[in-house]
Each structure stands twice: as structure tokens, then as C-alpha cells.
Amino acid sequence: MSEESKIGVNNELMRERKRWLFFGIPWTFTKYILTEKKIIIESGLFNSSENEILMYRVTDMTLTRNLFQKIFKLGTVTVYAHDKTNPTLEVKNIKNPKLFKETLSEAVEKDRLRMKMRQSEIVDDMHGFHEDLDDPNFFE
């Protein structure tokens, strides 16, 4: 099966692998997968785990690159989300950080449009609803 047909079957937008900081070698067991509806984090070799963040729960993202990351053409994308298990996810030492961030940003917007949601409508795990919903002028 070709690489293009694999991506189509899984609805994958992008796949990155955590790399060693020095030389950018992808010899780690952590993968970050962007699909149309979620970010999937697969990690481990003998004991593996898979975690996910739904796209519409992402609230913000930041791209950072230190000196060594710049030298080896790597970067870290920090994703902030209304998610119980991963409120802050660091997608560390990936090869295409700008492309990853842009692809993630576009996927978040598309998923919010698909679900007809705005930022203020995201459910807050502590109180049941986001604070803006308690404002009587919110629905006007």
C-alpha cells in the first residue's frame, strides 16, 4: 500500500516523530499524529500508550526553538487544550515544527466549524461550562 493511500485511510493530516536533540535522530518511541479530528500521541516500546486530544478542545499553541534545535532544524510546539489528561502537550523536537503548527491550526479551525463551536463554548471540566456562558449578555 502506498504512503498516500495509508494517509487517506486513516484521515491523517501529518505524522511527526520525537527526535533526539543532537543530530535530530528519530530514535525515540514517541509519535505525534494529526488527524482531522484529533491529535494522537503514541509512546513506548515494550509498554506502549496512546493518548489523544480532540481538535476542538485545543485553545492555543506556541512554537519554540532553542539554539540546538535551530542548528539541527528541529522545534517544539506546545499545545494548550481543555483536556483532562493533557492540558499542556509539548510536541518536542520535531523535524517540521512550523508545518506541524500550521496544519494543527487549520485542523482546529475546521473542526470547530464542523461542530459549529466558538472558543467560548468549550466545556470547562471544573464548572461544567465556560465562564462566558454564565454571562446573561452572552446569547444576545
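The values are calculated or read from the model by the stated rules, or taken from the named source; none is laboratory data. Please read these numbers as outputs of a predicted model, since none were measured by experiment. Note: ideal-geometry Cβ built from the backbone for every residue, glycine included; neighbour counts use all protein chains shown. Note: areas computed on protein heavy atoms with side chains; ligands, DNA, RNA excluded. Shrake-Rupley method; radii C 1.70, N 1.55, O 1.52, S 1.80 Å.
What about GLU42, is it assigned to a strand (DSSP E or B), open to solvent by 70 Å² or more (accessible area, probe 1.4 Å) and either out of contact with any Phe, Trp or Tyr (no Cβ under 7 Å at 6 or more places or on another chain) or modelled with pLDDT of 95 or more (or both)?
Working: assigned to a strand (DSSP E or B): yes; open to solvent by 70 Å² or more (accessible area, probe 1.4 Å): no; either out of contact with any Phe, Trp or Tyr (no Cβ under 7 Å at 6 or more places or on another chain) or modelled with pLDDT of 95 or more (or both): yes.
So GLU42 fails the test.
Would it be correct to say that LEU104 is at pLDDT below 95, surrounded by 15 or more Cβ atoms within 10 Å (Cβ to Cβ) and out of contact with any Pro (no Cβ under 6 Å at 6 or more places or on another chain)? No; evaluated as a whole, the condition is false for this residue.
Please go through the range 6-28 and pick out each residue that is assigned to a loop (DSSP other than H, G, I, E, B) and surrounded by 14 or more Cβ atoms within 10 Å (Cβ to Cβ). Working first, answer last.
Keep residues of the range 6-28 that are assigned to a loop (DSSP other than H, G, I, E, B), which gives 11, 18-28.
Matches in the range 6-28: LYS18, ARG19, LEU21, GLY24, PRO26, THR28.
Screening PHE139, PHE129, PHE68 for residues that are part of a helix (DSSP H, G or I), open to solvent by 80 Å² or more (accessible area, probe 1.4 Å) and modelled with pLDDT under 95 leaves exactly one candidate, PHE68.
Just for the range 45-62: of the residues that are touching a strand residue (DSSP E or B) at 6+ places or on another chain (Cβ under 9 Å) and surrounded by 15 or more Cβ atoms within 10 Å (Cβ to Cβ), which one is farthest from LYS95 (Cα to Cα)?
Initial filter on the range 45-62 (touching a strand residue (DSSP E or B) at 6+ places or on another chain (Cβ under 9 Å)): 48-55, 57-62.
If we keep only those that are surrounded by 15 or more Cβ atoms within 10 Å (Cβ to Cβ) as well, we get 52-55, 57-58, 61.
Details: GLU52: 21, ILE53: 21, LEU54: 23, MET55: 21, ARG57: 25, VAL58: 22, MET61: 17 Å.
Selected residue: ARG57.
On inspection, ASN86 passes the criterion of being of a type outside the set (Phe, Trp, Tyr), surrounded by 14 or more Cβ atoms within 10 Å (Cβ to Cβ) and assigned to a loop (DSSP other than H, G, I, E, B). Filtering the range 40-66 to residues that are touching a residue at least 24 places away in the same chain (Cβ under 8 Å), of a type outside the set (S, T, N, Q) and within 29 Å of MET115 (Cβ to Cβ) leaves ILE41, ILE53, LEU54, MET55, TYR56, ARG57, VAL58, MET61, LEU63.
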